[in-house]
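Following: one structure in structure tokens, then a few remarks.
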Amino acid sequence: MEISSSSTGLQCPIRSISLPSRLNPQSIKVEAELNKLKAWETSLVSTTPLCAETVRTSLAGLAELYVCVEDLILSPVTQQALLQHQNGIIVEEALEGSIGLLDSCSVVRDLLAMMKEHVQDLESVLRRKGGDLSVGSNIDAYMCCRKKVKKEIGKGLRELKKSENRIRSNPLFDLNQYLSMVVRVLREVSFITISVLQSIMLFLSAPASRTRPGGWSLISKLVLTRQGASKRGGEIFNEVGSVDVVLKSLDGSIRSNNVKIDVQPTMQRLQALDASIEGLKGRLDCLFRQLIRNRVSLLNILAQ
């Protein structure tokens with residue numbers, strides 16, 4: 001799996017993983033969960049748009065994958081093999097990689113929390129004040145938040161690329177068949193985790209893409225939603241982008257002293273975005289806990 005260093009999309013060649021399941025029964029479950037996520041990864045470059053629900057589903061699948069990996073790591077034969085090989089060098093490699101994944105996951109969690117706070121603030125203000133002139137300051141605050149989110153996402157994508165490069169640069173050990181399977185699992189899981197985290201960041205960055213005959217750009221596939229998507233001037237937006245659109249329209253109406261301002265379309269978009277953020281946050285919290293549990297299990301191996 002290749003992840004572009006830019007924030008313009010994912011490069012995901014079709015590939016599945018086939019593990020020697022006879023070596024450990026847990027590897028059957030790992031293989032099944034990995035291939036589910038590989039199918040999701042492939043869908044990013046298909047004609048099916050990536051919606052908020054798809055992102056949530058990928059997060060849920062990733063959490064399930066980590067449960068299976070946990071079972072594999074806790075297997076006595078796995079722990080013994082990992083500990084005996086060069087004083088646990090494979091475990092140390094996995095621990096180093098887990099730091100970057102936890103950091104990236106924390107960044108996304110913080111961005112979601114910040115956006116949710118501003119969304120709910122706008123919802124509250126619009127319920128109380130409608131299209132009052134004073135609402136403009138709240139809209140400005142939200143737009144500043146969006147700019148900060150996009151800036152942080154740019155940094156986050158670069159860090160994910162660094163994490164991927166570090167994993168790829170790790171040496172290929174001279175291993176027996178069993179350890180080779182374990183190393184391959186740990187690295188594949190890291191790669192798919194990077195892919196899922198990157199997709200969330202791209203989703204939150206909410207770029208708009210001009211529609212054109214013959215297909216969409218990859219970014220428009222990433223941000224277009226079946227439900228909650230909006231179009232304006234030939235552009236396609238997801239829940240995040242559609243809120244930007246309606247807020248700019250509302251702000252323009254307020255500044256022009258339009259006495260007939262309907263805030264309901266804006267409220268509906270904000271509510272949809274609020275629900276999307278809440279869904280992503282719940283799934284991401286679950287993944288974060290799994291990442292920590294996985295790291296603790298690896299540390300326990302070295303402590304033996």
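Computed from the coordinates by the stated procedures, all read-outs in this text should not be read as laboratory data. All values derive from a computational prediction rather than experimental measurement. Cβ sites come from the backbone with ideal geometry, for glycine too, and all protein chains shown count toward neighbours.
For F237, the residues whose amide H sits under 5 Å from its own are S230, ignoring neighbours fewer than 5 places away on the same chain, with H placed 1.01 Å from N. Positive contributions from Lys and Arg (+1) and negative ones from Asp and Glu (-1), summed over other residues with Cβ under 14 Å from the Cβ of A32, come out at -2. Partners of K116 within straight-line reach, counting lysines whose Cα lies under 18 Å from its Cα and excluding those fewer than 8 residues away in the same chain: K147, K148, K150, K151, K281.
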